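Read through the structure below, which is laid out as structure tokens, and then see the notes.
The values are calculated or read from the model by the stated rules, or taken from the named source; none is laboratory data. Everything quoted here is computed from the prediction, not taken from an experiment. We place every Cβ from the backbone using ideal geometry, glycine too, and count neighbours over all the protein chains shown.
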Amino acid sequence: MQFDSWQAFIQMGGYGIYVWSSFAGTFLCFGLLALESIWRRKKLAKEASKQAARAQRILRARAAKKNRI
Amino acid sequence: MWRWLHPYAKPEATFALTQKLIPWFALPGIILVLVSLVWGLAFAPPDYQQGESYRIIFVHVPSAMWAMGFYVGMAIMGVIALVWQIRTAELAILAIAPVGAVLTFISLFTGAIWGQPMWGTWWVWDARLTAQLILLFLYLGVMALYVAFEDERAGAKAASILAIVGVINIPIIHYSVYWWNTLHQKSTVTRAITRLEAPSIAPEMLWPLLVSILAMLLVSIVLVLMRLNNEILRREIHRPWALAELGITLDSSAKAHNDAEKKNVEKKGGADAV
């Protein structure tokens, strides 16, 4: 361990703002990328369920038409 | 080897493989990120000139390195997409580009933050920094070109060509610090490979650096695979296996409908052929 206290760890010998902001920025970027992927997958699932519902509706309409005839 | 590789041209085979691979990259990746964080921030010794500020190296160097590495990977996918016309490779370009762009951005961003206390400036227009900025624009260009065409496959082709041409920038970035006078320091680690010189860094700093390089590689691979799977699902969303992956189970009536549709298409195709 290179630091005597939490205080010193946070301050990083006076460079705290630089070191911590670069690490925070990196984590933020990766976090946003991961979140975007998860969000995109959810959107795709929604679209798929919409599609399935549409297929069902078409089927029902066709069945109804057949019955009328 | 080709016989072994060939099934992966089929999107669902790639999807099944990557889905299985993701946890094998994600778990070691997260563990290594934690190890490199604690090691790099708390246990590695301070630099004799730069003090504690040098700890930025543990995000700056890995991101810059993999920004270039992923670019080469994307260009290889471009070659595969152009030569063998494999769709999955086209989708891989679309999956790699945003991750590579973010890596490049991180390297520029952390470099600026490191430059302010050490060089006294956020940015200079010197060879290394400018070449890295061009790398960011190349990534953004590939992404923009990909979606700039009405026909997605035409866009993929154009993006592949740009990706391949842009590879010329990679050696320029690497050797920029040797070819031109620049504020940026010379390479620390890769000189062992490219110049056959010993790494110019103490082992107590080199080891956490190598761990952070590996950690960022694994995490970036996970992000690329997640995006690739999303792209495959998007392209294949009309097919039953993709719907099943997205949590839609086709009941028998819907399946019958699907089969009927298929027959219709086949009939139409037959009629056109005649």
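Data for the structure
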item	result
So residue A:48, is it more than 19 Å from residue B:103 (Cβ to Cβ) and either at pLDDT below 95 or out of contact with any Phe, Trp or Tyr (no Cβ under 8 Å at 6 or more places or on another chain) (or both)	yes
Residues satisfying the stated conditions in the range B:76-88, i.e. surrounded by fewer than 23 Cβ atoms within 10 Å (Cβ to Cβ), of a type in the set (A, V, I, L, M, F, W, C) and either within 12 Å of chain A (Cβ to nearest Cβ) or in contact (Cβ under 8 Å) with a residue 40 or more places away in the chain (or both)	B:79, B:82, B:84, B:86
Residue match in the range B:153-175 (condition: among the hydroxyl-bearing types (Ser, Thr, Tyr) and either surrounded by fewer than 19 Cβ atoms within 10 Å (Cβ to Cβ) or outside the structural domain of residue B:67 (by TED's automatic domain parsing) (or both))	yes
Residue that is surrounded by the most Cβ atoms within 10 Å (Cβ to Cβ), among those in the range B:189-214 that are under 21 Å from residue B:106 (Cα atoms) and within 22 Å of the chain's Cα centre (by Cα)	B:212
Residue check for residue B:244: in a helix (DSSP H, G or I), not assigned by TED's automatic domain parsing to the domain that holds residue B:131 and not aromatic (Phe, Trp, Tyr)	yes
Residue match in the range B:90-101 (condition: of a type in the set (D, E, K, R) and assigned to a helix (DSSP H, G or I))	yes
Residues within the range A:1-20 that are in a loop (DSSP other than H, G, I, E, B) and either facing chain B (nearest Cβ under 7 Å) or closer than 15 Å to residue B:45 by Cβ (or both), tallied	5
Helices (runs of 4 or more DSSP H) wholly inside the range B:147-212 that include at least 1 residues being touching a residue at least 24 places away in the same chain (Cβ under 8 Å)	B:152-166, B:169-179
Criterion (surrounded by 23 or more Cβ atoms within 10 Å (Cβ to Cβ), under 30 Å from residue B:177 (Cβ atoms) and not hydroxyl-bearing (Ser, Thr, Tyr)) met by exactly one of B:91, B:37, B:103, B:41	B:103
Selection within the range A:52-68 - facing chain B (nearest Cβ under 10 Å) and over 12 Å from residue B:247 (Cα atoms)	A:53, A:55, A:56, A:58, A:59, A:60, A:62, A:63
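Matching residues to (1) in a helix (DSSP H, G or I); (2) touching an Asp or Glu at 6+ places or on another chain (Cβ under 8 Å); (3) closer than 21 Å to residue B:170 by Cα; (4) more than 8 Å from chain A (Cβ to nearest Cβ):
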{"site": "B:30", "(1), (2), (3), (4)": "yes, no, no, yes"}
{"site": "B:34", "(1), (2), (3), (4)": "yes, no, no, yes"}
{"site": "B:63", "(1), (2), (3), (4)": "yes, no, yes, no"}
{"site": "B:114", "(1), (2), (3), (4)": "yes, no, no, no"}
